[in-house]
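This report concerns only the one structure given below.
The values are calculated or read from the model by the stated rules, or taken from the named source; none is laboratory data. It should be emphasised that the depicted structure is a prediction, and the values quoted were computed from it without experimental measurement. Using ideal geometry, Cβ is built from the backbone for each residue, glycine included, and neighbour counts are taken over all protein chains shown. The protein model used for the area step is the full one, side chains on, heavy atoms only, and it has no ligands, DNA or RNA in it. Shrake-Rupley method; radii C 1.70, N 1.55, O 1.52, S 1.80 Å.
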Amino acid sequence: MAASSRAAQVLDLYQAMLRESKHFSAYNYRTYAVRRIRDAFRENKNVKDPVEFQVLVTKAKRDLGLIRRQVHIGQLYSTDKLIIESQEKPRT
């Protein structure tokens, strides 16, 4: 696989995972998912081995499906927002 198509595939997967994880209704799940996704992609950004790369992409696709399912389940049993979520962001 060419380096540019690998990079595009990883970027698409990264963006999809972040986009889906931002739909968690629970603040703690949402922030944990975003943080964990960013950390995992940073940790593996220098992987050169094609076999290991494919394993990581497969795992990320599986995790994306898991995030989608959990978001759906979380929306079925949503709770009230936390105080930290309802605060307005300071204007600069």
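Miscellaneous remarks
- Dipole magnitude of the chain, debye to nearest 20 (Cβ charges: Lys/Arg +1, Asp/Glu -1, about Cα centre): 100 debye
- Å² per residue, accessible surface of the range 1-70 at 1.4 Å: 71 Å²
- When Rg and the Kirkwood Rh are both derived from Cα coordinates, the Rg/Rh ratio for the chain amounts to 1.07.
- Surrounding net charge for Arg19, when Lys and Arg each add one and Asp and Glu each subtract one, Cβ distance under 14 Å: +1
- Based on alpha-carbon atoms, the Kirkwood radius and the radius of gyration of the range 1-44 give Rg/Rh equal to 1.08.
- Carbon plus sulfur fraction of accessible area for the chain, probe 1.4 Å, in percent: 55 percent
- Within the chain, helix-based [θ] at 222 nm, where runs of 4 or more DSSP H residues each add -39,500 (n - 2.57), nearest 500: -24500 deg cm²/dmol
- The value of relative contact order for the chain, using C-alpha pairs under 8 Å at least six residues apart, is 42 percent.
- Cut-off 15 Å between beta-carbons: net charge of the residues surrounding Ala40, Lys and Arg +1, Asp and Glu -1: +3
- Burial order of peptide ranges 17-25, 50-58 (average beta-carbon count within 10 Å, highest first): 17-25, 50-58
- Seen from Val71, the other residues with C-beta closer than 11 Å to its C-beta sum to a net charge of +4, counting Lys and Arg as +1 and Asp and Glu as -1.
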